[in-house]
Amino acid sequence: MALLPLLFSSLLVVAEMSGKIGVNYGREGDNLPSPYESIQIMKSIKVGQIKLNDSNPEILTLLSGTKIHVAVTVPNDDIIRIGSNDSMAEQWVRNNILPHYPDTMIRFVLVGDRVVNSNMDVNGTMEQSLVPAMRGIKSALTAHGVKNVKVSTTLGMDVVQTRFPPSNSTFQSDISDSVMPKLLKFVNGTKSVVFVDVYPYFAWSANPTNISLDFALFGGNITHTDPGNGLVYTNLLDQMLDSVTFAIEKLGFRHIRLAISRTGWPTAGDIDQVGANIYNAATYNRNLIRKMTSKQPLGTPKSPGLIIPTFISSLYDENRKIGPETERHWGMLHTNGTPVYEIDLTGNRKISEYKPLPPAVNNVPYKGKLWCEVAPWVNEMSLPAALSNVCSIDNETCAALAPGKDCYEPVSVVWHASYAFSSYWAKFRSQGAICSFNGLARETTVDPSRGRCNFPSVTV
């Protein structure tokens, strides 16, 4: 009987958290609305939950008295310190939770962000400190009488080794044999949930020939049957979620529930990033919201009828994020706070009631040559350091820029940087290089070569 209050508490937290759609409130952008303005915006569009990448005290103070539920994050850099000493966990809770709770409706503490991943060192200090840090935070919360704040961490889909069909899913072998059993034992014992980043966009865009876009966007016109158990799937998100659930069950945990820490669809991307457009993003998020806010919880084929707390990524476009162009275009709002497209987070608005969307023009992978050049909006003062860094990689990347060589003239930092970026990208793209250079470059289909100077290109 002693377990009943704990189980009831867990179910209550999940039910409270998931009644409304959540958003990731990231702040890696220039000239974003202030925290005060952002919270007013979120209230106006009826955001029900917010996930923070930290525990920013200004934001938590501003959320006091609102009905918005909050998930805060312990930064990865703090995990070793907290995991090695319970007094550090106590200090973190005292500094970051107690000044705001319960007036601010903090409901989850996420210890670390994707610490467990396919590239992790299972014997690394941070990885070994993750579960002790989670235990320390939970113990400190309990000691202070904080009973309805659950402790978890965020996983990426890369922890799953095989995903299709879901019934065959397993975790990566080294993870499955080391940190994952300890992590799941903690989550199960505290009646918490596992948070997972689930992006159907990445799964579809990596294989658009064999995965239907309709299936990825909840179109409902395509179904897949799992041959292992006969479960029928109508969308890619459910397949991905159930692959995690089946992998968890294979480790002996049959009743652990999932939450979606990040999901969404990019509104723009590089030329070779298929399907990143407003039409698909709006379609995905509208259909996602309709599914997750259903009055009768839909769950997944494996776990029907269960509520799945869901946080859309993200509130704003964040132009200071590094990586491919899609990284800067996940927002439902522009950096000035205006909508990228119409969206109703309550799920009450019918799809037919939205205005027409701009047509999708890049749902088929681009085929042809691409070059990398300095983006036209870049301040030239930021280029010399990047140019020097690229040219220091080896003796070949910038050889054509030497005095007297074919690409030396015109003697311009923009010209030289464009050549260096294109040369580096062409040489190292097969090893994962992208045409970004911390936001200084963009892809182009127009050959920038002049005269005797031929810019290296990539063919996709």
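The values are calculated or read from the model by the stated rules, or taken from the named source; none is laboratory data. This one's a predicted model, so the numbers in the text were calculated from it and none came from an experiment. Virtual Cβ from ideal backbone geometry, glycine too; neighbours counted across all protein chains shown. What goes into the accessible areas is simple: the full protein's heavy atoms, side chains included, and nothing from ligands, DNA or RNA. Shrake-Rupley method; radii C 1.70, N 1.55, O 1.52, S 1.80 Å.
The angle between the Cα long axis of helix 3-18 and the main principal axis of the chain comes to about 40°, on a 0 to 90 degree scale.
Could you tell me how many degrees, from 0 to 90 and to the nearest 10, lie between the Cα long axis of helix 179-189 and the main elongation axis, the longest principal axis, of the Cα atoms of the chain? With both axes taken from Cα atoms, the answer is about 40 degrees. Solvent exposure of the chain amounts to 45 Å² per residue of accessible area, where only protein heavy atoms count and the probe is 1.4 Å. Largest accessible area first, the residues 94, 349 order themselves as 94, 349 under a 1.4 Å probe with ligands, DNA and RNA left out. What a 1.4 Å probe finds exposed on segment 369-459 is 49% carbon and sulfur by accessible area, rounded to a whole percent.
Lys and Arg at +1, Asp and Glu at -1: add these up for the other residues within a Cβ distance under 13 Å of residue 396 and post the number.
+1
Roughly what angle does helix 86-96 make with the longest principal axis of the chain, taking Cα atoms, 0 to 90 degrees, to the nearest 10? With rounding to tens, the tilt is 80 degrees. From most to least packed by mean Cβ count within 10 Å, the peptides 104-112, 318-326 give 104-112, 318-326. Taking the DSSP beta bridges with both ends in the chain, the antiparallel portion is around 30 percent. What the phi angles of segment 357-366 give under the Karplus curve with 6.51, -1.76 and 1.60, with θ = phi - 60°, is a coupling list of 9, x, x, 6, 10, 10, 7, 10, x, 5 Hz, glycine and proline written as x.
Anisotropy class assigned to segment 369-459 is rounded, per the alpha carbon gyration tensor with a/c under the 1.5 cut-off. Sorting the segments 239-246, 85-92, 397-404 by their mean number of nearby beta carbons within 10 angstrom, highest to lowest, gives 239-246, 85-92, 397-404. Residue-wise HN-Hα couplings along segment 209-218, as the Karplus relation 6.51 cos²θ - 1.76 cosθ + 1.60 with θ = phi - 60° gives them from phi, are 6, 9, 10, 6, 5, 4, 5, 6, 9, 6 Hz; Gly and Pro carry x.
The figure for residue 144 is an accessible area of roughly 80 square angstrom, using a 1.4 Å probe on the protein chains alone.
A value for Kirkwood radius over Cα pairs in Å was derived from the coordinates, and within the list [x] 23.8; [y] 22.3; [z] 28.1 it appears as [x]. Residues whose amide H comes within less than 5 Å of that of residue 156, counting only those at least five positions distant or on another chain, are 197 (H built at 1.01 Å from N in the peptide plane). For residue 333, the residues 5 or more places off, or on other chains, whose built amide H falls under 5 Å of its own are 316, 317, 340. Packing, as the average of other Cβ atoms within 10 Å across residues, places the peptides 22-33, 445-456 in the order 22-33, 445-456, highest first. Solvent-accessible area of residue 308, all protein chains in place: 20 Å² (probe radius 1.4 Å, heavy atoms, ligands and nucleic acids excluded).
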